[in-house]
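So the structure is just underneath, and the comments pick up after that.
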Amino acid sequence: MAEKTQKKRIINLLPNRDDTLLNQFLSWSLSVGRLLVIITETLALSVFLYRFSLDMKIVDLHDKIKTERIIVNNFKDGEVIYRNLQSTLATARQYESDDDHVVTVVKDVIGLGKNKITFINVTATQDAVDIQAQAQSAGLLSLFTQALKSYPEVTGITINRVESKTSSSVVIVSITAQLRHTEKAPTAKTASAQLP
């Protein structure tokens with residue numbers, strides 16, 4: 001009886017240790033199953049650890065973005081000033097390289113009205129000069145329009161509005177003078193003078 005208690009009991013789920021095809025297949029499938037479980041667990045663990053490294057990289061990148069955003073915000077005002085200066089310089093270069101035909105026409109028109117009328121606004125483009133002016137009498141306005149008609153750069157005159165203010169005894173007029181096209185006419189060049 002003592003021998004029976006000392007024997008180890010072995011439980012074998014496989015039917016026999018014989019080398020039958022079924023036993024070989026079951027032995028092979030158990031080995032492959034263990035191998036698949038080990039590979040799956042190793043892969044899951046490596047992906048889990050890789051995710052932590054990616055999270056750390058994302059946090060580092062967010063911190064870097066925050067610091068660079070602060071730097072960009074600090075230079076924002078300077079960049080706005082710099083871009084405005086660049087556009088102003090580009091505009092100045094454009095007008096410097098173009099001929100000053102429009103500016104000459106504005107100066108000449110103001111010279112034609114000197115001691116006759118008071119200019120409120122003078123706006124000139126390559127095609128026309130818009131004039132808003134006031135005079136003490138209709139006769140002075142007539143002298144100015146005659147001088148403007150005889151100006152060589154003007155091809156036609158249109159009087160848009162005439163208003164007589166009896167309270168201040170002035171005549172206010174709005175005139176558009178069409179200009180002769182020059183061969184070197186730059187596009188969209190405008191000169192404007194606002195006079196009190």
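Throughout, read-outs are computed from the coordinates displayed, never taken from laboratory work. The structure displayed is predicted, hence computed values, not measured ones. Note that each Cβ is placed from the backbone with ideal geometry, even for glycine, and that neighbours are counted across all protein chains shown.
Some observations on this one:
- Percent of Cα-Cα distances greater than 16 Å, calculated over the range 101-194: 51 percent
- Charge dipole (the range 101-194, unit charges on Cβ, about Cα centre) - positive-most of ALA124, VAL162, ALA177: VAL162
- Extending 7 Å from the Cα toward the beta-carbon at both SER150 and ASN73 defines two label points whose distance is 6.8 nm.
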